[in-house]
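This report concerns only the one structure given below.
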Amino acid sequence: MQKWAGHPFPLGADHDGSGTNFALFTEAAEKVELCLLDDAGREERIHLEEVDGVIWHAYLPGVGPGQRYGYRVHGPYDPDRGHRCNPAKLLLDPYAKAVEGQADGHRSLLGYRADDPDRPDPADSRPHTMLSVVADPAFDWGDDRPIKRPYHESVMYEAHVRGLTRRHPALPPELRGTYAGLAHPAVLEHLTTLGVTAVELMPVHQFVQDGHLLSRGLTNYWGYNTIGFFAPHNAYSSSGGRGGQVTEFKAMVKALHAAGIEVILDVVYNHTAEGSHLGPTLSFRGIDNASYYRLVDDDAAHYFDTTGTGNSLLMRHPNVLQLIMDSLRYWVTEMHVDGFRFDLAATLARQFHEVDRLSAFFDLVQQDPVVSRVKLIAEPWDVGDGGYQVGNFPQLWSEWNGKYRDSVRDFWRAQEGTLPEFASRLTGSSDLYEGNHRRPRAGVNFVTAHDGFTLRDLVSYNDKHNDANGEGNQDGESVNRSWNCGAEGETGDPDVLALRARQQRNFLATLLISQGVPMLCHGDEVGRTQRGNNNAYCQDSELTWVDWEPGAEQRQLLDFTRRLIALRRAHPVLRRRRFFRGSQASGGAPADLTWLRPDGREMTRQDWSRADAHAIAVHLNGDAIGERDTQGRPVRDDSFLVLLNSHWEHVVFTLPGPVFGGRWRVEVDTAADPAVDPATGLALDRAPDPATGLAPVAGTAAGVHGPGETVKAEARSLVLLIREDGLHREAGERRESGSSRQDARPGPSQEGGRRAGGTR
């Protein structure tokens with residue numbers, strides 16, 4: 001094999017059309033061997049003699065895409081000093097663009113002897129580990145460009161590549177559960193007609209199956225066990241593992257972009273799949289353990305763990321930071337993804353012990369000309385001390401708003417004392433984000449996500465039912481803020497089923513009229529159930545896969561969700577870019593936001609403080625948005641009244657005086673039969689509204705109501721009314737037709753309004 005000196009950068013295996021340059025970082029090594037494997041499994045070892053600083057490198061003419069390789073690193077094995085080099089272990093390239101195979105859990109994958117952990121194990125791991133693959137960088141992107149959809153226009157959809165597509169009947173069997181399956185026209189049609197603007201894919205970086213799960217007949221389904229930060233997970237590829245997964249992933253992104261859908265990756269840069277000091281030696285541990293991992297002070301044989309997985313990456317080491325930033329840039333520039341959701345992002349801010357939002361990682365992101373310009377979403381917590389950091393991330397970032405989830409769940413299960421926080425969450429959580437000059441887009445609102453109950457299970461179970469996981473139902477969160485509506489699990493009781501369906505509509509309607517960025521969990525729109533399992537991380541089966549042949553009730557829920565998303569898209573007052581001011585508008589008009597009691601009067605401090613209050617109304621003034629569009633024109637919209645009743649009995653709301661509006665039409669009523677017009681008993685007419693071009697939302701109630709008239713909100717229901725004598729859509733624009741004005745306070749006081757009313 002001909003060998004040239006090559007170059008120290010770029011790291012990894014870089015094919016230039018004539019050959020491949022290989023470069024590996026390690027400070028610990030005394031000798032590095034590049035190992036090439038042929039189709040018969042024969043291994044050729046090439047000594048890397050060129051070292052620039054701490055980068056070992058060589059160029060191999062004639063070596064190209066599809067070549068399998070790995071590294072053997074010779075150096076100290078001294079766990080007490082943090083060193084775990086063992087050349088008997090064939091190691092993945094941390095910069096590998098493609099990976100073939102899976103680690104099978106064999107004993108030889110462990111770097112230490114079973115009888116003496118302080119001595120290296122001599123067994124060769126090659127037959128039982130994964131192999132790095134040289135990838136072909138060529139791909140015809142055509143006219144693909146970043147979509148760059150504004151946050152306030154986004155509706156995100158958390159999805160699992162395999163779980164979303166595994167049971168789709170329109171997909172050929174070989175495409176189910178793959179990147180190509182996600183790009184199939186049948187799946188794209190579902191996403192586009194649903195109206196989502198971005199898919200947030202659960203981990204697609206190459207991950208490892210845990211040996212203890214495989215031994216129990218289970219798998220690491222969620223994929224939060226990364227080993228390759230540049231490689232698309234090979235098990236999701238219908239094109240094989242010799243580099244075809246890279247091309248297939250790119251084709252998926254291109255197809256989603258063509259459908260107007262952005263691609264956001266859930267990424268796991270806080271730890272790796274090598275686990276604790278007892279875990280396997282697959283890559284980083286054998287290359288340079290003390291540089292890649294955060295070790296316990298004064299006990300370098302063990303790992304400092306803020307992730308609950310056994311290890312944490314060392315976020316103050318420059319080469320670790322380089323690895324992460326190189327990975328992020330690669331997925332943006334070469335794979336064309338549109339953003340990232342960072343798992344356990346608080347760990348990324350831990351340079352030392354405490355969480356520091358101004359840590360080196362966030363400094364690097366801030367100044368990076370590529371990464372700083374895509375969507376950046378934090379899961380703002382980890383399992384370490386002080387790890388719950390909702391609201392504390394830098395200005396460029398958005399965050400999964402766990403407080404939104406908890407507050408909305410509590411309100412709709414009628415917990416006492418929930419109104420003030422619920423009001424703030426509904427209006428964008430200014431109490432969390434406005435203090436450091438952020439906007440409603442900082443909060444990604446969600447009621448359900450992969451971790452926890454599905455939407456259907458949230459209203460069907462009081463308790464988790466995780467026995468299938470084999471951990472004695474001890475895993476998963478025990479406090480879910482769920483309510484089973486009167487029966488635990490599956491039931492044939494029509495009253496319970498009707499209430500559950502209503503509660504699902506309540507959650508969806510609340511989510512899609514809330515300020516901030518809404519996120520749906522895949523399958524919630526068709527009533528997906530995990531039968532009470534709230535921690536299905538190890539369940540790769542029909543328990544977690546989306547059922548694409550739902551019944552009539554589930555189809556009605558899908559229709560309801562589609563129309564809610566269309567309603568949000570049509571009305572900028574439901575997706576403001578700035579927080580509500582809640583102050584008096586000019587000319588005596590209603591404020592942009594007014595909170596009302598069921599009797600039509602404004603809320604007082606005493607009203608907000610009542611622990612037993614379960615009903616409230618809010619006026620959203622579309623004529624007082626106070627924003628301009630991209631061409632500098634004032635943004636104006638219809639006005640809405642939202643009647644929210646989480647009480648177990650119906651509440652009669654009195655509509656406010658004529659200054660708020662003269663005619664109000666019910667646009668959404670979550671208590672109405674979603675398939676039948678409650679006024680006529682006939683099938684709901686789906687003809688589009690000539691003013692908006694939209695079909696009415698399923699559950700639309702008939703009738704127009706005037707000032708001082710009453711509207712009945714059934715027990716546990718949401719009613720959304722639109723003003724008919726104000727602004728209306730014509731030819732894509734808004735015009736004013738006689739709105740009136742009045743002073744309105746957002747809450748019990750200005751400060752109270754900031755907390756309870758989400759005002760600025």
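The values are calculated or read from the model by the stated rules, or taken from the named source; none is laboratory data. What you see is a predicted model, and the numbers here were worked out from it, not measured in a lab. With ideal geometry, Cβ positions are generated from the backbone for all residues, glycine too; neighbour counts draw on all protein chains shown. Surface accessibility is based on the protein's heavy atoms, side chains included, excluding ligands, DNA and RNA. Shrake-Rupley method; radii C 1.70, N 1.55, O 1.52, S 1.80 Å.
Taken together, the residues in region 625-661 that are farther than 22 Å from Pro572 by Cβ, open to solvent by 30 Å² or more (accessible area, probe 1.4 Å) and in a loop (DSSP other than H, G, I, E, B) amount to 6. Given the criteria under 25 Å from Asp124 (Cβ atoms), open to solvent by 20 Å² or more (accessible area, probe 1.4 Å) and hydroxyl-bearing (Ser, Thr, Tyr), does Tyr77 qualify? Yes; evaluated as a whole, the condition is true for this residue.
Just one of the listed residues (Val296, Val246) is among the hydrophobic types (A, V, I, L, M, F, W, C) and over 26 Å from Thr197 (Cβ atoms), and it is Val296. Tyr157 fulfils the conditions (1) among the aromatic types (Phe, Trp, Tyr); (2) within 30 Å of Arg562 (Cα to Cα); (3) open to solvent by 10 Å² or more (accessible area, probe 1.4 Å) except for a single criterion, (3).
Selection of region 375-418 for residues being touching a Pro at 6+ places or on another chain (Cβ under 9 Å), hydrophobic (A, V, I, L, M, F, W, C) and part of a loop (DSSP other than H, G, I, E, B) yields Val390, Phe393, Trp397.
Being over 37 Å from the mean Cα position of the chain (by Cα), farther than 17 Å from Val134 by Cα, at pLDDT 95 or above and open to solvent by 10 Å² or more (accessible area, probe 1.4 Å), is that true of even one residue in region 4-15?
Filtering region 4-15 for residues over 37 Å from the mean Cα position of the chain (by Cα) gives 4-7.
Pick out the ones that are also farther than 17 Å from Val134 by Cα and you get 4-5.
After this cut, where a residue has to be at pLDDT 95 or above as well, the list is 4-5.
In the following step, the residues that additionally are open to solvent by 10 Å² or more (accessible area, probe 1.4 Å) were identified as 4-5.
Yes - at least one qualifying residue is present in region 4-15.
Is it the case that region 123-140 has a residue that's of a type outside the set (S, T, N, Q), surrounded by fewer than 19 Cβ atoms within 10 Å (Cβ to Cβ) and under 30 Å from Arg568 (Cβ atoms)? Looking through region 123-140, none of the residues is of a type outside the set (S, T, N, Q), surrounded by fewer than 19 Cβ atoms within 10 Å (Cβ to Cβ) and under 30 Å from Arg568 (Cβ atoms). Within region 300-320, the set of residues being open to solvent by less than 30 Å² (accessible area, probe 1.4 Å), among the hydroxyl-bearing types (Ser, Thr, Tyr) and part of a loop (DSSP other than H, G, I, E, B) comprises Thr306, Thr307, Ser312. Within region 167-181, being in contact with a Lys or Arg (Cβ under 8 Å, 6 or more places away or on another chain) and surrounded by fewer than 23 Cβ atoms within 10 Å (Cβ to Cβ) holds for Arg167, His168, Arg176. Take Val337 and tell me if it is of a type in the set (Val, Ile, Thr) and surrounded by 24 or more Cβ atoms within 10 Å (Cβ to Cβ). So Val337 fits the description; yes. Assessment of region 573-592 against the conditions (part of a loop (DSSP other than H, G, I, E, B), modelled with pLDDT of 95 or more and of a type in the set (Asp, Glu)) yields at least one matching residue. In summary, Glu189 fulfils each of the numbered conditions (1) assigned to a helix (DSSP H, G or I); (2) out of contact with any strand residue (DSSP E or B) (no Cβ under 8 Å at 6 or more places or on another chain); (3) in contact (Cβ under 8 Å) with a residue 12 or more places away in the chain with the single exception of condition (3). The residues of region 31-47 that are over 40 Å from the mean Cα position of the chain (by Cα) and either open to solvent by less than 50 Å² (accessible area, probe 1.4 Å) or within 11 Å of Leu90 (Cβ to Cβ) (or both), listed by number, are Glu43, Arg45, Ile46.
Considered as a group, the residues in region 395-418 that are surrounded by fewer than 20 Cβ atoms within 10 Å (Cβ to Cβ) and aliphatic (A, V, I, L, M) include one that is farthest from Leu455 (Cα to Cα), and that residue is Leu396.
Gly551 passes all but one of (1) open to solvent by 10 Å² or more (accessible area, probe 1.4 Å); (2) under 29 Å from Asn436 (Cβ atoms); which number fails? Only one criterion is unmet by Gly551, namely (2).
To keep it simple, each residue is scored yes or no on (1) crowded, with 22+ Cβ neighbours inside 10 Å; (2) over 28 Å from Asn401 (Cα atoms); (3) out of contact with any helix residue (DSSP H, G or I) (no Cβ under 8 Å at 6 or more places or on another chain).
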site	(1), (2), (3)
Leu458	yes, no, no
Asp463	no, no, yes
Gly470	no, yes, yes
Gln474	no, no, yes
Thr491	no, yes, no
Ala498	no, yes, yes
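Of the set (1) assigned to a loop (DSSP other than H, G, I, E, B); (2) closer than 24 Å to Phe25 by Cα, all apply to Asp104 but (2).
Counting only helices (runs of 4 or more DSSP H) wholly contained in region 198-299, the ones carrying 3 or more residues that are open to solvent by 20 Å² or more (accessible area, probe 1.4 Å) occupy 211-214, 244-258.
Tally up the residues in region 712-721 that are open to solvent by 10 Å² or more (accessible area, probe 1.4 Å) and either free of Cβ contacts under 8 Å to residues at least 40 places away in the same chain or at negative phi (or both), please.
Just the residues of region 712-721 that are open to solvent by 10 Å² or more (accessible area, probe 1.4 Å), to begin with: 712, 714-716.
Of the ones still in play, those that are also either free of Cβ contacts under 8 Å to residues at least 40 places away in the same chain or at negative phi (or both) are 712, 714-715.
Residues in region 712-721 being open to solvent by 10 Å² or more (accessible area, probe 1.4 Å) and either free of Cβ contacts under 8 Å to residues at least 40 places away in the same chain or at negative phi (or both): 3 in total.
Of all positions in region 496-510, none carries a residue that is out of contact with any Gly (no Cβ under 7 Å at 6 or more places or on another chain), under 28 Å from Leu376 (Cα atoms) and either at pLDDT below 95 or assigned to a loop (DSSP other than H, G, I, E, B) (or both). Being among the charged types (D, E, K, R), in contact (Cβ under 8 Å) with a residue 40 or more places away in the chain and within 20 Å of Ala40 (Cα to Cα) holds for only one residue in Arg72, Arg84, and it is Arg72.
Leu164: in contact with a strand residue (DSSP E or B) (Cβ under 6 Å, 6 or more places away or on another chain) and either modelled with pLDDT of 95 or more or open to solvent by 10 Å² or more (accessible area, probe 1.4 Å) (or both), yes or no? Walk me through it before giving the result.
Numbers: in contact with a strand residue (DSSP E or B) (Cβ under 6 Å, 6 or more places away or on another chain): no; either modelled with pLDDT of 95 or more or open to solvent by 10 Å² or more (accessible area, probe 1.4 Å) (or both): yes.
No.
Taking the criterion of being open to solvent by 10 Å² or more (accessible area, probe 1.4 Å), under 15 Å from Ser514 (Cβ atoms) and not in a helix (DSSP H, G or I), the only residue of region 419-439 that qualifies is Arg439.
Go through the residues of region 560-578 one by one and say whether even a single one is buried (at least 17 other Cβ atoms within 10 Å of the Cβ) and farther than 27 Å from Val196 by Cβ. No: zero hits.
Yes/no per residue for (1) touching a Ser or Thr at 6+ places or on another chain (Cβ under 8 Å); (2) assigned to a loop (DSSP other than H, G, I, E, B); (3) closer than 20 Å to Asp16 by Cα:
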{"residue": "Glu33", "(1), (2), (3)": "no, no, no"}
{"residue": "Leu36", "(1), (2), (3)": "no, no, yes"}
{"residue": "Asp39", "(1), (2), (3)": "no, yes, no"}
{"residue": "Trp56", "(1), (2), (3)": "yes, no, yes"}
{"residue": "Pro65", "(1), (2), (3)": "no, yes, yes"}
{"residue": "Gly70", "(1), (2), (3)": "yes, no, yes"}
{"residue": "Ala88", "(1), (2), (3)": "yes, yes, no"}
{"residue": "Asp93", "(1), (2), (3)": "yes, yes, yes"}
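Give the residue that is nearest to Tyr236 (Cα to Cα), with candidates limited to residues of region 93-119 that are in contact with a Phe, Trp or Tyr (Cβ under 8 Å, 6 or more places away or on another chain) and either crowded, with 20+ Cβ neighbours inside 10 Å or of a type in the set (Gly, Ala, Ser) (or both). Checking each candidate, the answer is Lys97.
Contact annotation: residue pairs with Cβ atoms under 6 Å, 6 or more positions apart or on different chains, pairing a residue in region 666-680 that is farther than 13 Å from Glu553 by Cβ and open to solvent by 10 Å² or more (accessible area, probe 1.4 Å) with a partner that is at pLDDT 95 or above and hydroxyl-bearing (Ser, Thr, Tyr), are Ala671/Ser717.
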